[in-house]
1. If the Cβ limit is 8 Å and pairs must be 6+ apart or interchain, which residue in region 133-147 that is open to solvent by 30 Å² or more (accessible area, probe 1.4 Å) pairs with which residue that is among the charged types (D, E, K, R)?
2. Does Tyr62 fit the bill of being in contact with a strand residue (DSSP E or B) (Cβ under 9 Å, 6 or more places away or on another chain), within 20 Å of Leu126 (Cβ to Cβ) and touching a residue at least 60 places away in the same chain (Cβ under 8 Å)?
3. Identify the residue in region 203-238 that is at pLDDT below 85 and of a type in the set (S, T, N, Q) and, among all such residues, is surrounded by the fewest Cβ atoms within 10 Å (Cβ to Cβ).
4. If you go through region 67-81 one residue at a time, how many are of a type outside the set (A, V, I, L, M, F, W, C) and under 10 Å from Tyr53 (Cα atoms)?
5. Residue check, Ser117 against (1) within 19 Å of Trp32 (Cβ to Cβ); (2) open to solvent by less than 70 Å² (accessible area, probe 1.4 Å); (3) modelled with pLDDT under 95, all met but one. Which one?
6. Looking at (1) among the hydrophobic types (A, V, I, L, M, F, W, C); (2) in contact (Cβ under 8 Å) with a residue 40 or more places away in the chain; (3) in contact with an Asp or Glu (Cβ under 9 Å, 6 or more places away or on another chain), find the lone condition where Leu87 falls short.
7. How many residues does region 184-202 contain that are closer than 20 Å to Leu25 by Cβ, assigned to a helix (DSSP H, G or I) and at pLDDT below 85?
Amino acid sequence: MEILSQLGQSIVVRPYVFTFLVAYLFLAHRLWGWPRTLLWLISGYTIAWASEYSSIHNGFPYGEYHYIYESMLGELMVAGVPFFDSLSYPFLIFAGYSTAEFFMRSNVRSTQAEQESLLHLVKRTLLGALLTMLLDMIIDPVATMGDKWFLGKIHYYAHPGIYFGVPWSNFAGWFLVAFAVIVFNELCWKRFFRNNCPIALLSHCTKNWLYPAFFISIVLFNIAVTFWISAWKLGMVS
């Protein structure tokens, strides 16, 4: 019951996270079906949690940072990592990955064999990881200013960086983690599913703007918060 209470508190305090999560479930299920959607969610959360646990203990891969637990009283924690935080990774990486696939699939003249080639796989994995990292370059700086909005001051970097207080190692870490999540799921799709998932993207992503719109909605939400707290320079850069 205590865990359910903590989960409920996290949902109440972080409704934007769970709103984006519901949007992910809708879009991913529409694109992939439930098995792949849940695999992405569970594996994305697990890899993200491990990366955060590692960073708060040894500084890898994001650089050393620490949570301020007094600002998250009553919220669900998993071995010192906020549940809602790791839960954000699957839908953020999905936003980057599906947007990358949207643009790569826009070349309708290319054959399915070309689109399912190893080169295409490498390109969409790298582009998906890059777009996810760019999302974090918008999200993380405003998150470090959480004391100015409803996020709250929930973490700090032991060695703040020059990019609005965020070290470059953080963005490298996001690229690495996004890359790992995408590769893990791609390998599982090829190994355990009869049809590799990106084939479904061919018919959906090239015709449906919902997927890049999801990416853009996350961007606009964070930029809106940035201007709301009068962080004008960060807002313009974002």
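The values are calculated or read from the model by the stated rules, or taken from the named source; none is laboratory data. Predicted model, so just to flag it, every value in this text is computed and none were measured. Note that each Cβ is placed from the backbone with ideal geometry, even for glycine, and that neighbours are counted across all protein chains shown. Ligands, DNA and RNA are stripped out before the accessible areas are found, and what is left, the full protein with its side chains, is counted by its heavy atoms. Shrake-Rupley method; radii C 1.70, N 1.55, O 1.52, S 1.80 Å.
1. From residues that are open to solvent by 30 Å² or more (accessible area, probe 1.4 Å), the pairs are Asp147/Lys153.
2. Details: in contact with a strand residue (DSSP E or B) (Cβ under 9 Å, 6 or more places away or on another chain): yes; within 20 Å of Leu126 (Cβ to Cβ): yes; touching a residue at least 60 places away in the same chain (Cβ under 8 Å): yes.
Yes, satisfied.
3. Ser203
4. Here is the first cut: in region 67-81, the ones of a type outside the set (A, V, I, L, M, F, W, C) are 67, 69-71, 74-75, 80.
If we keep only those that are under 10 Å from Tyr53 (Cα atoms) as well, we get 80.
Within region 67-81, residues that are of a type outside the set (A, V, I, L, M, F, W, C) and under 10 Å from Tyr53 (Cα atoms) number 1.
5. The failed condition is (1).
6. Single failed check for Leu87: (3).
7. Count: 3.
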